[in-house]
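Everything below concerns the one structure shown next.
Read-outs throughout are calculated quantities, based only on the coordinates presented, and are distinct from any laboratory measurement. Quick caveat: nothing in here was measured; it's all calculated off a predicted structure. With ideal geometry, Cβ positions are generated from the backbone for all residues, glycine too; neighbour counts draw on all protein chains shown.
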């Protein structure tokens, strides 16, 4: 007996890497980044409606594997993601990810997708959303320190959302800087490769640090940071990994996503718990001010949070409706009688 064809209830939309790339090119990457920024900001605006928990992490000497769940009461979402800095030496990605959305009312999945590319997009969009509230108005120059897989996404998000027109690049590996400069050709950005962090931040209104080493590092020192600057510190994402000298934090107003996670993984793990921080959602909703004056140093201590992934998954689900940018996977068992799963198996002989 041949197995019966799966019913529509058994099918779950799946977005592969190939289809994700097709969709981004179809829409245009700057449009995707701008729209995703707006949707993340929309979800930050309803922050209190979400379940929130620090990500569930499994650490090893080689890296970390994490699950990042959340729900707004109607839709549930999670992301699986890893961080393995040594992978690039073996020709592998440092970060890989996939994610899922499900209907809370039934528990049935409604979307499965790659999230390696989508995470890069949402991380850049989150940085741009924070900069929109915290960076000095009218700033046109960005420094990008750490020119790995995230660098181009960050630069293009700041261009699309904040209007920067120049990016100054630095990486300890000159080949990474060359790669980023090459990829940004034709983007409309003026790209300036630099030979040090100090040189890269000269004249920059926005400084983004995004390095991969799993260690306490000092990418920026206090004497390098002048008044009025906005820093996106996005490389820290696990215990024992930071990028900024703690003296910078003492001079900056620090904004975070979810404190119980950021205290463990962010730049603020260097500080004691009396150090003042502000949750970014409170700025988005107008409860507290973001940038107050032109001399203020603002720091977005970003470690990535599940609500941002939820926003990205929600955005993707909306965008693929009525398109061919997804496949349907037979993922859900759907017997004629919900109580007769074994009978369904027997009939498939």
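Helix 174-183 and the long axis of the chain differ in direction by around 70°, with both axes built from C-alpha atoms. Using only the C-alpha atoms, the convex hull of region 133-304 corresponds to 103 Å³ per residue.
Between helix 17-27 and the chain there is an angle of about 60 degrees, using the helix long axis and the longest principal axis of the Cα atoms.
Do you know the relative contact order of the chain, to the nearest whole percent, from alpha carbon pairs under 8 angstrom that are 6+ apart?
Working: 713 pairs, mean separation 77.0, N = 349.
Rounded, it is 22 percent for the chain.
Looking at region 96-243, the DSSP beta bridges with both ends there are about 20 percent antiparallel. For the chain, the convex hull drawn through the C-alpha positions has a volume of 153 cubic angstrom per residue. Remark: spin-label model distance residue 67-residue 17 equals 2.4 nm, labels positioned 7 Å along the Cα→Cβ axis. Considering only 217, 312, 233, the Gaussian network model of the chain with Cα springs below 10 Å gives its largest mean-square fluctuation to 217. Mean residue ellipticity at 222 nm, helices only, the chain: -9500 deg cm²/dmol; runs of at least 4 DSSP H residues each add -39,500 (n - 2.57), and the sum is divided by the number of residues. When DSSP beta bridges are restricted to pairs lying wholly in the chain, around 45% turn out antiparallel.
In region 133-304, Cα pairs under 8 Å separated by at least six residues give a relative contact order of 23 percent. If you fit an axis through the alpha-carbon atoms of helix 29-44 and take the longest principal axis of the Cα set of the chain, what angle between them do you get, 0 to 90°, nearest 10? The two axes meet at around 90 degrees.
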